Amino acid sequence: MTARPSRIVDAHVHLWDPARTDWYPYLARPADHVAGGDGARMARRFDVDTYRAETAGWNVEKFVNVAAATGGHSVEETLELDAAAETRGGPDAIIGGLPPTASVAEAVELIDRQMTAPRFRGVRPMGANLGPVPDTAVLRALAERDLVFELLAHPDQLTGAAARLAGFDDLTVVIEHAGWPRSDSEEERALWQAGIEALAGLGDHVVCKLSGLAMPLRSMAVDALAPWLEAAIEAFEVDRCMFASNFPVDSAHGSFDDLYDTFSTVTAGLGDASRDKLFAGNAERVYRC
């Protein structure tokens, strides 16, 4: 068996309660989001205690919560999770929401509101019609505040997103879910490869989060994930990649043990220092936690 990493900083977790149907309406219909897996594993109450129980044995030192509440609720989610983090034992950093707004000024106001939460580190767009990259003025506002922008885009959007993000060398950009492929088809892989190379070419401020692959690939097996993980690490190199669980979403296709065993196997040939960057150090740096 491959040796487990000495420590983990999980860069992508969703704490949520399906009973809050106004915040998480999609959890009432998990079949719409989970193909070939157990939708109930995604659409369940997932709190800090549950997360800690499922990650026991992996020395998870810290974890990052990423916005999952719909629209403007994602702002309230940031504030609520931050207020409770001290007593609940996490999260250690929070990526909040950037919901659709009528103006740049309103978007910046919502960002500033979330900045009152000490663990707030940046935003991801939270609207189906918002597009993967917000207005240029919003990107500037994030850079001026030393905040992270998380890019959630499918392979056919990656090259365009790279063009939109060019020139923002002072903005930390995190590519969520390794570029979020929708399948393992040759066409999808070609789109993904071109997009990943375009984003990697923007510079050291662009980081790839190795997460979220179990859902589209319907597996946590090494042979399913390794081709994508290895290609992403080759494009961005060890200093610009970080592993993350995307739990409980990806738990529809297996356990935390299954997923991190695969991550461990894929990186078995790397030295301890490189593995620590992938499993913990890079996430600590990017999310300042």
Worksheet item: In segment 116-130, what residues are farther than 21 Å from Asp170 by Cα and touching a strand residue (DSSP E or B) at 6+ places or on another chain (Cβ under 7 Å)?
Response: Ala117, Met126
Worksheet, complete the sentence: The correct count of residues that are within 30 Å of Ala3 (Cβ to Cβ), in a loop (DSSP other than H, G, I, E, B) and over 18 Å from the mean Cα position of the chain (by Cα) in segment 14-51 is 2
Item to complete: Taking Phe149 as the residue in question, decide whether it is modelled with pLDDT of 95 or more and touching a strand residue (DSSP E or B) at 6+ places or on another chain (Cβ under 6 Å).
Response: yes
Worksheet item: Does Leu165 qualify as being in contact (Cβ under 8 Å) with a residue 24 or more places away in the chain, touching a strand residue (DSSP E or B) at 6+ places or on another chain (Cβ under 7 Å) and within 18 Å of His12 (Cβ to Cβ)?
Response: no
Discussion item. Against the condition under 23 Å from Cys208 (Cα atoms), among the small types (Gly, Ala, Ser), part of a helix (DSSP H, G or I) and modelled with pLDDT of 95 or more, how does Ala161 come out, does it pass?
Written reply: yes
Fill in: Failed condition for Leu27, given (1) surrounded by 14 or more Cβ atoms within 10 Å (Cβ to Cβ); (2) in contact (Cβ under 8 Å) with a residue 24 or more places away in the chain
(2)
Item to complete: Give segment 45-62 a look and list any residue that's over 20 Å from Ala84 (Cα atoms), surrounded by fewer than 16 Cβ atoms within 10 Å (Cβ to Cβ) and in contact with a strand residue (DSSP E or B) (Cβ under 9 Å, 6 or more places away or on another chain), or say none.
Response: Asn59
Worksheet item: So, in segment 119-172, of the ones that are of a type in the set (Gly, Ala, Ser) and at positive phi, which residue ends up surrounded by the fewest Cβ atoms within 10 Å (Cβ to Cβ)?
Response: Gly167
Worksheet item: Would it be correct to say that Thr116 is among the hydroxyl-bearing types (Ser, Thr, Tyr), crowded, with 19+ Cβ neighbours inside 10 Å and farther than 16 Å from Leu229 by Cα?
Response: no
Item to complete: Return yes or no: is Ala85 modelled with pLDDT under 95 and surrounded by fewer than 21 Cβ atoms within 10 Å (Cβ to Cβ)?
Response: no
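The values are calculated or read from the model by the stated rules, or taken from the named source; none is laboratory data. All of these numbers come straight from a predicted model, not from anything done at the bench. No Cβ is skipped: glycine too gets one built from the backbone with ideal geometry, and neighbour counts run over all protein chains shown.
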